[in-house]
Amino acid sequence: MNRDYPRLDRRTAIKWMLTASAAVAITERQMFAAAQQAAAPATKGYGTDALLNKEYQPGDFWPLTMTDAQHRTAAALCAAIIPAEGSVPSAADLHVHDFIDEWISSPYPDQQGDRAIVLGGLGWINEETRRRFGKDFADLDEKQVKAVCDDLCHAPDAKPEHAEGAKFFAKFRDLTTSGFFTTPEGMKDIGYVGNLPLAEFKGPPPEVLAKLGLA
Amino acid sequence: MPIITPAQVKSDYDVIVVGSGAAGGQTAYTLTMEGAKVLMLEAGRDYDPVKETPMFQTNGQAPLRGAATPDKPFGFHDSTVDGGWQVPGEPYTQVSEDPARQFEWWRSRMLGGRTNHWARHSLRNGPYDFKPRSRDGLGFDWPFTYEELAPYYDKVEMLIGVYGDNDGMENTPDSSPGVLQPPPIARASEQYAKKHMKTVGVPVVAIHRAVLTQRQDPTVLPQKIHPGNVRAQRILAEAMSQRAACFFATPCGRGCAIRATYQSTTVHLPPALATGNLDLVANAMVREVTLNAQGRADGVIYIDKTTGRECRARARVVVLAASGMETVRLLLNSKSAQFPQGLANTSGLVGKNIMDTVGASLSAQIPALEGLPPHNEDGAGGAHVYSPWWLYKEQLAGKLGFARGYHIEFGGGRSMPGMGAGAGLQNFTRGSYGLKLKEDARRYYGSFMYFSGRGEMIPNEGSYCELDPVVKDKWGIPVLRFSWQWSEHELKQAEHMESTFKEIVAAMGGKVLGRNANRKRINDKAVIEKGGRVIHEVGGAIMGADAKKSVTNQWCQTWDVPNLYLTDGAPFAGNADKNPTLTIMAVAWRASDHILAEMKKGSF
């Protein structure tokens with residue numbers, strides 16, 4: 001039992017375990033259904049000699065496979081994980097969900113492993129929000145989104161019935177940050193100021209050295 | 001590059017060079033600059049970094065945000081073409097199913113080979129490294145001394161351009177005055193690490209890397225490199241003037257369109273071609289070396305991969321520079337009545353004593369590096385500093401429990417966000433999302449560091465390769481079968497690396513995150529990475545002073561066939577912790593001078 005939870009009496013513990021295994025079963029069924037429902041993923045990647053000095057978009061090498069409904073849920077999750085902030089657009093505004101679709105539609109083994117988690121999770125989260133709020137995740141108001149995300153955002157704190165959902169959320173969040181912080185807006189937002197030709201490399205500026213006690 | 005077709009191949013070359021990487025590039029360069037007519041055969045395709053390098057492409061412009069995949073093991077923008085630990089249609093096999101006993105063989109099938117992708121670390125072997133057996137009784141002495149090779153190190157460094165300092169450290173040689181380029185200033189994370197590594201006794205100095213931090217002086221260097229050869233000086237001066245200095249952006253592993261870094265394709269091949277003495281055929285997969293009636297090499301048979309046809313080429317001298325193991329494979333596949341066990345294999349040592357570098361790594365999070373003001377840390381596209389091995393005396397006194405040393409490559413900082421940016425933060429942030437996640441991502445960006453050990457392996461009997469009796473590649477050429485073994489020396493050395501890294505991270509007030517999941521280890525418990533994963537394949541046809549105990553003499557000339565030379569890593573008698581490329585080039589230059597002298601004498 002997770003040490004973050006109060007001790008449970010035996011009956012409650014058994015009930016939770018049953019709920020948890022039911023949740024797992026639903027997730028697996030969902031994954032299976034989702035995998036069947038989505039078009040079969042590509043069998044060929046970009047190969048060992050792709051043209052490198054070119055700008056690519058998701059879908060250039062293999063077809064994207066999410067359904068419209070999955071896309072809608074993915075976009076809403078992207079916006080919840082990285083919302084707009086001032087003039088900086090949200091992950092959804094920057095179509096990070098298209099990148100996630102590219103990721104789970106790709107033929108490589110790591111991505112194929114993530115495909116099951118992501119498509120299963122996208123189905124599961126709607127089932128969860130329909131049960132709790134009577135509507136899909138993408139139709140929740142801000143407060144409801146927060147309630148759902150708070151339950152899932154930290155796997156070690158998640159209730160047993162949310163354990164699978166939390167695993168999915170962690171994976172989806174990692175994909176969202178990767179997708180977002182690699183866009184021009186995201187690179188700027190995280191504080192990456194390189195990729196510019198310089199006549200001279202001056203090393204760390206004085207304020208950085210001062211902060212590190214190296215001045 | 002101006003390449004020719006197999007139909008245009010002439011019949012009167014002085015030298016055939018198989019391979020176009022560090023070894024083949026250097027060999028062809030030295031020979032053609034001195035007037036020899038050379039045919040170079042490259043198994044991969046033609047490749048031009050000036051046109052093909054993705055210089056300012058961001059990871060967001062790559063499929064999968066640039067993530068590593070089986071097709072591109074170092075990420076989408078890595079320069080490697082048709083390469084990796086697996087090459088489609090070109091398998092290799094293993095003697096054992098135990099991962100600890102396996103060797104993973106990296107190849108890149110492209111003009112310039114792995115010099116397009118390499119880390120550019122250019123460390124000289126020191127005096128101890130050439131005489132290890134005399135020092136501690138293990139491994140083999142090389143048949144020459146550091147002092148004999150030193151002038152070639154100087155010449156290679158001047159030619160390719162290497163930044164670094166002369167620190168006067170034990171077994172970490174200085175270059176001659178005026179040879180090195182100024183090193184770039186250390187980044188914030190490197191400086192912070194240096195300060196704390198000092199407290200645990202680990203030195204940090206400028207690393208030596210083949211990157212121009214300033215333009216080469218075409219009025220001075222060519223005369224030093226080619227004294228008395230005015231034509232070579234003129235050609236090299238022109239080639240040097242085509243190279244720009246680093247503009248401190250974009251990772252070197254992508255290649256360098258402005259030719260600021262060393263790649264065979266931007267540094268060796270253009271002047272070699274400019275001599276008019278070099279013919280270059282790509283997609284030429286050499287199968288075997290042919291012999292004449294007198295038992296001398298007279299050429300090679302290669303498959304033209306564009307047609308699948310078998311072709312022949314002839315020359316007075318054959319040089320194999322195909323990468324250590326590919327050179328071994330060529331020798332073993334060149335069977336004749338005179339050499340039924342493979343060419344130049346009277347000693348029975350072809351394929352024996354193969355080596356890689358010991359690798360172990362650890363990543364860490366350093367709170368002091370959190371929330372630093374944004375600043376540009378791209379720098380010279382790779383490391384600015386490193387730690388040379390520092391425990392020579394303790395080791396010689398038997399205090400360490402293993403025989404040879406390692407250096408530490410480390411780094412971190414604010415590099416261009418790629419796949420994994422902002423990921424995995426939940427352990428630090430209790431799973432933040434929304435605006436808090438953005439704040440956390442900014443805070444933790446640049447606070448992660450890695451430490452990698454690169455250590456010497458002592459050759460052993462369990463590490464060898466041979467021809468697989470059954471399996472052939474798609475060209476019908478028998479493939480290599482590998483056996484691997486790390487000895488206690490390497491296993492203990494890797495553990496020492498990790499405990500050192502932990503000590504360093506603790507001194508920096510950091511948190512150890514774990515071993516690098518991308519680096520395959522021999523098993524889950526072990527620290528040491530799998531054989532071949534550091535991509536420093538050397539050995540397999542070691543040089544020596546005794547024809548019975550080695551495959552070549554000190555000039556990389558095979559004992560059995562005097563006009564057959566091996567100028568890549570295959571003749572390495574040891575594999576010091578120093579990355580092998582610079583030594584490959586210095587040894588190849590020295591061997592090429594020997595070829596020129598022998599041709600002049602009329603030996604071939």
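The values are calculated or read from the model by the stated rules, or taken from the named source; none is laboratory data. Predicted model, so just to flag it, every value in this text is computed and none were measured. As a convention, Cβ positions derive from the backbone with ideal geometry for all residues, glycine included, and neighbour counts pool all protein chains shown.
Tabulated results
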{"read-out": "Where a residue in the range A:151-165 is more than 10 Å from chain B (Cβ to nearest Cβ) and its partner, wherever it lies, is surrounded by fewer than 18 Cβ atoms within 10 Å (Cβ to Cβ) and among the β-branched types (V, I, T), with Cβ under 7 Å and at least six apart", "value": "A:P160/A:T19; A:E161/A:T19; A:E164/A:V24"}
{"read-out": "Test for A:A92: is it surrounded by fewer than 24 Cβ atoms within 10 Å (Cβ to Cβ) and either at pLDDT below 95 or touching a Phe, Trp or Tyr at 6+ places or on another chain (Cβ under 9 Å) (or both)", "value": "no"}
{"read-out": "Single residue of A:V208, A:V145, A:V118, A:V193 found to be β-branched (V, I, T), touching a Pro at 6+ places or on another chain (Cβ under 9 Å) and either at pLDDT below 95 or under 23 Å from A:P83 (Cα atoms) (or both)", "value": "A:V193"}
{"read-out": "Failed item in (1) more than 8 Å from chain A (Cβ to nearest Cβ); (2) in contact with a helix residue (DSSP H, G or I) (Cβ under 6 Å, 6 or more places away or on another chain), with B:N59 passing the rest", "value": "(1)"}
{"read-out": "Residues of the range B:488-500 satisfying the condition of being of a type in the set (A, V, I, L, M) and either in contact with a Lys or Arg (Cβ under 8 Å, 6 or more places away or on another chain) or buried (at least 21 other Cβ atoms within 10 Å of the Cβ) (or both)", "value": "B:A494, B:M497"}
{"read-out": "Residue tally, condition in a loop (DSSP other than H, G, I, E, B), charged (D, E, K, R) and either touching a strand residue (DSSP E or B) at 6+ places or on another chain (Cβ under 6 Å) or at positive phi (or both), over the range B:58-106", "value": "1"}
{"read-out": "One residue from B:Q26, B:Q8 being out of contact with any strand residue (DSSP E or B) (no Cβ under 8 Å at 6 or more places or on another chain) and polar (S, T, N, Q)", "value": "B:Q26"}
{"read-out": "Filter pass, B:A62 being of a type in the set (A, V, I, L, M), at pLDDT 95 or above, surrounded by fewer than 20 Cβ atoms within 10 Å (Cβ to Cβ) and not assigned by TED's automatic domain parsing to the domain that holds B:T327", "value": "no"}
{"read-out": "Answer residue from the range A:137-169, given it is small (G, A, S) and within 15 Å of B:G424 (Cα to Cα) and is surrounded by the most Cβ atoms within 10 Å (Cβ to Cβ) among those", "value": "A:A166"}
{"read-out": "Selection within the range B:120-135 - of a type outside the set (S, T, N, Q) and assigned to a helix (DSSP H, G or I)", "value": "B:P127, B:Y128, B:D129, B:F130, B:P132, B:R133, B:R135"}
{"read-out": "From the options B:E409, B:E377, B:E394, residue that is facing another protein chain (nearest Cβ under 9 Å) and acidic (D, E)", "value": "B:E377"}
{"read-out": "A:G213 vs. criteria closer than 26 Å to A:D98 by Cα and small (G, A, S)", "value": "no"}
{"read-out": "Tally, over the range B:501-540, of residues that are in a loop (DSSP other than H, G, I, E, B), out of contact with any strand residue (DSSP E or B) (no Cβ under 6 Å at 6 or more places or on another chain) and among the small types (G, A, S)", "value": "3"}
{"read-out": "Pairs, first more than 7 Å from chain B (Cβ to nearest Cβ) and crowded, with 19+ Cβ neighbours inside 10 Å in the range A:181-206, second at pLDDT below 95 and part of a loop (DSSP other than H, G, I, E, B), C-beta under 6 Å, six or more apart", "value": "none"}
{"read-out": "Evaluation of A:L175 against (1) on the phi < 0 side of the Ramachandran plot; (2) surrounded by fewer than 23 Cβ atoms within 10 Å (Cβ to Cβ); (3) within 10 Å of another protein chain (Cβ to nearest Cβ) (one fails), failing number", "value": "(2)"}
{"read-out": "Verdict on A:L122 being within 16 Å of A:C78 (Cβ to Cβ), of a type in the set (A, V, I, L, M, F, W, C), touching a helix residue (DSSP H, G or I) at 6+ places or on another chain (Cβ under 8 Å) and more than 10 Å from chain B (Cβ to nearest Cβ)", "value": "yes"}
{"read-out": "In the range B:282-303, the residues that are surrounded by fewer than 22 Cβ atoms within 10 Å (Cβ to Cβ) and over 23 Å from B:S336 (Cβ atoms)", "value": "B:N283"}
{"read-out": "Unique match (being farther than 28 Å from B:P143 by Cα, under 23 Å from the mean Cα position of the chain (by Cα) and at pLDDT 95 or above) among B:E529, B:E498", "value": "B:E529"}
{"read-out": "Which numbered condition B:N283 misses (of (1) touching a Pro at 6+ places or on another chain (Cβ under 6 Å); (2) within 14 Å of chain A (Cβ to nearest Cβ))", "value": "(1)"}
{"read-out": "Filter result for the condition that a residue is part of a loop (DSSP other than H, G, I, E, B), among the β-branched types (V, I, T) and under 26 Å from B:P49 (Cα atoms), over B:V156, B:V179", "value": "B:V179"}
{"read-out": "Matching residues, the range A:88-111, being more than 10 Å from chain B (Cβ to nearest Cβ), within 19 Å of B:T69 (Cα to Cα) and part of a loop (DSSP other than H, G, I, E, B)", "value": "none"}
{"read-out": "Selection count, the range A:164-188, where residues are under 11 Å from A:A91 (Cβ atoms) and outside any loop (DSSP other than H, G, I, E, B)", "value": "11"}
{"read-out": "Single unsatisfied condition, B:G434 versus (1) at pLDDT 95 or above; (2) at the interface with chain A (Cβ under 9 Å from one of its Cβ atoms); (3) over 29 Å from the mean Cα position of the chain (by Cα); (4) on the phi < 0 side of the Ramachandran plot", "value": "(4)"}
{"read-out": "Filter result for B:M197 (assigned by TED's automatic domain parsing to the domain that holds B:A119 and buried (at least 16 other Cβ atoms within 10 Å of the Cβ))", "value": "no"}
{"read-out": "Count - residues of the range B:194-214 that are farther than 24 Å from B:T581 by Cα and either modelled with pLDDT under 95 or in contact with a helix residue (DSSP H, G or I) (Cβ under 7 Å, 6 or more places away or on another chain) (or both)", "value": "5"}
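So that you can scan it fast, the table gives a plain yes or no per residue for (1) in contact (Cβ under 8 Å) with a residue 60 or more places away in the chain; (2) outside the structural domain of B:P417 (by TED's automatic domain parsing); (3) surrounded by fewer than 24 Cβ atoms within 10 Å (Cβ to Cβ); (4) of a type in the set (K, R):
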{"residue": "B:S20", "(1), (2), (3), (4)": "yes, yes, no, no"}
{"residue": "B:Q26", "(1), (2), (3), (4)": "yes, yes, no, no"}
{"residue": "B:K37", "(1), (2), (3), (4)": "yes, yes, yes, yes"}
{"residue": "B:V50", "(1), (2), (3), (4)": "yes, yes, yes, no"}
{"residue": "B:M110", "(1), (2), (3), (4)": "yes, yes, no, no"}
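This table checks each residue for (1) surrounded by fewer than 17 Cβ atoms within 10 Å (Cβ to Cβ); (2) more than 21 Å from the chain's Cα centre (by Cα); (3) hydrophobic (A, V, I, L, M, F, W, C).
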residue: B:E456; (1), (2), (3): no, no, no
residue: B:Y464; (1), (2), (3): no, no, no
residue: B:D468; (1), (2), (3): no, yes, no
residue: B:W486; (1), (2), (3): no, no, yes
residue: B:K502; (1), (2), (3): yes, yes, no
residue: B:M508; (1), (2), (3): no, yes, yes
